[in-house]
Amino acid sequence: MTTVLRASDSAEFLRIVPSLAGFTPTRSIVLLPFSGKRTYGAMRLDLPDAEIELEEYADAAVGLVSRVEGTDAVALVLYCDDPPMPTRDGLVLPFGVEVDELLGCAEDAGLRIVDALCVTPGGWASYLLEEPELQPLAEIGGAPEVPGIGDVSGDQLAGTELPAADLAERERVGRALLDLDDLLDRDAQGRLTGRENPQAIAALVMLDDIPAFFESVLERPQDLPAFATAALLWCFDRPLFRDVALTQWASDLAGGIRALDAQLAFSENGTTIPDEVGSVFLGQGPAPDPDRLRLALAVVRLAASRAPRPSRRGPLTAAAWLSWALGRSTHAGHYLELVREIDPEYGLAALLETMIGAAALPEWAFRRGAAGGAST
């Protein structure tokens with residue numbers, strides 16, 4: 001079902017931007033790619049600072065918008081805390097030079113400018129008017145309620161805080177992880193006695209079929225027992241299984257089995273990972289099911305909240321990749337910062353930072369979907 005949000009003027013357009021973005025932006029530039037009179041989403045960028053080369057910033061921003069299929073126009077909305085400056089020649093809007101550079105770059109790329117607006121704590125105005133006037137924020141009002149979108153009142157970091165986990169939960173998971181490590185070690189040496197913790201034995205059985213285990217955790221993402229959480233953390237402490245989980249959650253069970261076979265073959269004899277497996281991690285190929293990615297994100301966020309500090313690196317990095325796969329680069333960056341606080345040299349986090357820096361979003365994020373849209 002397609003949800004169409006209509007805007008007849010700039011104030012109404014500003015009202016629906018949070019619904020398109022999924023949050024209410026702050027200290028941001030939001031670019032909305034249009035095809036004809038319709039846009040299907042929004043791209044958020046941090047405001048440029050003095051250290052950024054403005055021409056490169058504008059080129060990169062317009063380059064992202066231009067990658068969206070069918071884009072022939074763009075709208076820009078800047079959100080900032082700085083007030084406009086009154087002068088003898090009229091009102092000067094914040095970041096006017098930066099916006100002019102962006103709009104000029106967009107026009108050079110052949111894009112029509114739909115609108116260019118500034119939202120400040122004291123009101124909103126248009127960059128396209130020679131003599132802009134500040135309009136009251138009351139004209140914008142709250143974002144409309146849209147089925148399936150949920151609350152968009154939070155800013156771009158809303159939803160990144162890990163689930164609450166009390167000390168008792170963390171201790172149970174920590175003990176379970178120690179028990180599981182010990183059990184796996186004794187199992188490898190053939191020293192099991194049959195008197196081990198039944199829950200640890202059950203976790204050991206789950207790990208006999210890694211793809212089936214990764215599939216099972218999606219069935220109850222908010223209700224993982226301590227030993228299931230420990231088993232997941234054990235897997236994420238091992239890059240081979242961690243990468244299988246991400247590939248499987250971005251595809252399906254069969255994709256996980258293929259990924260596991262490929263990873264084992266590479267580990268054992270250096271066999272090249274097939275393109276159809278490796279391309280998923282790079283954000284290439286068919287777009288994943290977003291609901292499946294969101295379930296996986298809930299799983300790894302919960303695991304990270306309950307994990308001992310050193311074991312948080314894997315699930316937090318997984319949360320970064322899953323957020324990136326969902327088109328939430330800001331969330332991905334937040335999770336990577338948490339990883340850096342634990343281990344600045346954690347390999348996958350460094351790789352993801354490089355990858356996100358080179359391609360701010362996966363390829364599938366630039367394909368127009370039919371889940372929603374806005375017209376103006």
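Annotation: extensible slack from T272 through Q284 equals 2.6 nm (criterion: 0.36 nm per residue apart, minus Cα-Cα distance). Expressed as a fraction of 2.2 N^0.38 Å, the value expected for a compact globular protein of N residues, the C-alpha radius of gyration of segment 56-140 is 1.15. Rounded to the nearest 10 degrees, the inclination of helix 239-249 to the longest alpha-carbon principal axis of the chain is 60 degrees.
Highest GNM mean-square fluctuation among P221, P286, P86, for the chain modelled with Cα contacts below 10 Å: P86. Under the classification rounded if a/c is under 1.5, otherwise prolate if a/b is larger than b/c and oblate if not, where does segment 167-366 fall, given a ≥ b ≥ c as square roots of the Cα gyration tensor eigenvalues? Verdict is prolate for segment 167-366.
Between R238 and D181, the modelled label-to-label distance comes to 1.4 nm, taking each label 7 Å out from Cα in the direction of the beta carbon.
If you stretched the chain out fully between D108 and I257, how much longer would it get, using 0.36 nm times the residue separation minus the C-alpha to C-alpha distance?
On the way: separation 149, 0.36 × 149 = 53.64 nm, distance 4.72 nm.
Here the answer is 48.9 nm.
Seen from I210, the other residues with C-beta closer than 12 Å to its C-beta sum to a net charge of -3, counting Lys and Arg as +1 and Asp and Glu as -1.
For G123, what is the net charge nearby, where nearby means another residue's Cβ is under 14 Å from its Cβ and Lys, Arg count +1, Asp, Glu -1? Present the calculation step by step, with values, prior to reporting the outcome.
Details: positive: none; negative: D81, D82, E133, E139.
Summing Lys and Arg as +1 and Asp and Glu as -1 gives -4.
Here segment 3-158 yields Rg over Rh of 0.94, to two decimals, using C-alpha coordinates and the Kirkwood radius. Which parts of segment 215-252 would a label at L264 reach, counting a residue when its backbone N lies under 14 Å from a point 7 Å out along Cα-to-Cβ? Those under the cut-off are 240-241, 244. Beta bridges from DSSP with both residues in the chain: antiparallel share about 70 percent, rounded to the nearest 5.
Angle, helix 10-21 long axis vs. longest principal axis of the chain, Cα atoms, 0 to 90°, nearest 10? With both axes taken from Cα atoms, the answer is about 10 degrees. Charged neighbours of W234, selected by a Cβ distance under 12 Å, balance to -3 (K, R count +1; D, E count -1). Per-residue Cβ neighbour counts within 10 Å put Y57, Y346 in the sequence Y346, Y57, beginning with the fewest. Projecting the Cα positions of L31, L322, L128 onto the charge dipole of the chain (unit charges on Cβ atoms of Lys, Arg, Asp and Glu, taken about the Cα centre) puts L322 furthest along the positive direction. Projected label points at A60 and S153, each 7 Å from Cα along the beta carbon direction, are separated by 3.4 nanometres. Taking the C-alpha atoms only, the angle from helix 96-108 to the longest principal axis of the chain is near 80 degrees. The Rg/Rh ratio of the chain, with Rg taken over Cα atoms and Rh as the Kirkwood radius over Cα pairs, comes to 1.04.
Bear in mind these aren't lab numbers, they're just calculated from the coordinates by the rules spelled out. From a predicted model like this one, the values you see are computed outputs, not experimental measurements. Backbone-built Cβ (ideal geometry, glycine too); neighbour counts: all protein chains shown.
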